[in-house]
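This report concerns only the one structure given below.
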Amino acid sequence: MKQFEKRILFDSDAIAVRVKELGAEISAKYPEGNLLFIGVLKGSFMFLADLVRHVTVPCCLDFVRISSYGNDTVSSGKLDILMDIRLPVKDRNVILVDDIVDTGLTLSEYRKRLEKESPRSLEIAALIDKIARRERHVELDYCGFRVEEGFLVGHGLDCDERFRHLDGIYVLE
Ligand code: PRP
């Protein structure tokens with residue numbers, strides 16, 4: 001198996017502090033609840049699990065599995081919806097949650113699909129906003145950390161399916 005050198009970028013304590021802040025921000029913004037969190041699998045699983053534990057208003061969860069990369073490191077430019085949500089979006093306060101925004105393709109395209117289903121509101125939360133390769137504009141309402149570039153792994157982020165389980169976020173060197 002290929003070996004990688006990896007350098008810590010955000011440790012678990014820093015992530016925990018930031019995610020708690022985001023959960024509090026969301027809870028304060030939606031006192032009436034009616035929230036539907038939609039996690040984009042697989043990468044969002046850890047961020048979403050952390051985030052919703054800090055949400056103090058009524059909410060539901062659903063998941064979509066989208067792949068735009070396959071096993072490649074370059075986006076194919078085409079969205080592949082492997083599994084879609086089952087809960088209705090209409091009249092819900094929807095928050096789309098992902099681990100990272102890179103080119104912006106995944107969230108910008110999936111957001112368009114959700115908009116057609118008449119949510120009451122639609123916002124996006126991402127743990128990492130990586131801006132160097134942005135091709136599509138994505139309005140990020142809740143952002144954990146902004147980074148310029150680098151191949152990031154950990155806390156849901158993978159390299160060829162490895163490293164997702166790591167608590168911190170690392171850059172591969
Ligand atoms: C990753 C990540 C985001 C997307 C971001 O998912 O989890 O969903 O890429 O990239 P973009 O902004 O360039 O679209 P990936 O397709 O690798 O699947 P995964 O979540 O299963 O790792």
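The values are calculated or read from the model by the stated rules, or taken from the named source; none is laboratory data. Small disclaimer: the values here were computed from a predicted structure and weren't measured. Backbone-built Cβ (ideal geometry, glycine too); neighbour counts: all protein chains shown. Protein only, heavy atoms only, side chains kept; ligands, DNA and RNA dropped before computing areas. Shrake-Rupley method; radii C 1.70, N 1.55, O 1.52, S 1.80 Å.
Determine the shape class of the chain: with a ≥ b ≥ c the square roots of the Cα gyration tensor eigenvalues, call it rounded for a/c under 1.5, and otherwise prolate if a/b is greater than b/c, oblate otherwise.
oblate
With a point put 7 Å past each Cα toward its Cβ, work out how far residue 91 is from residue 160 in nm, to one decimal.
Once both label points are built, they end up 5.0 nm from each other.
Among the trypsin sites (Lys or Arg not before Pro) in the range 29-67, which ones are in a DSSP loop with at most 14 other Cβ atoms within 10 Å of the Cβ? Mind listing them?
53
Work out how much length residue 135 to residue 29 would gain on full extension: take 0.36 nm times their residue separation and subtract the Cα-Cα distance, in nm to one decimal.
Between residue 135 and residue 29, full extension yields an extra 35.2 nm.
Of 104, 48, 34, which is farthest on the positive side of the dipole of the range 24-133, counting Cα position, with +1 on Lys and Arg Cβ, -1 on Asp and Glu Cβ, and the Cα centre as origin?
34
Length gain on complete extension for the stretch residue 60 to residue 21, per 0.36 nm per residue less the alpha carbon to alpha carbon distance?
Once the chain is fully extended between residue 60 and residue 21, it gains 12.1 nm.
So, for the chain, what is the accessible surface per residue at a probe of 1.4 Å, expressed in square angstrom?
Averaged over the residues of the chain, the accessible area is 52 Å².
If I build a Gaussian network model for the chain, linking alpha-carbon pairs within less than 10 angstrom, which residue out of 100, 131, 15 has the largest mean-square fluctuation?
Largest GNM mean-square fluctuation: 131.
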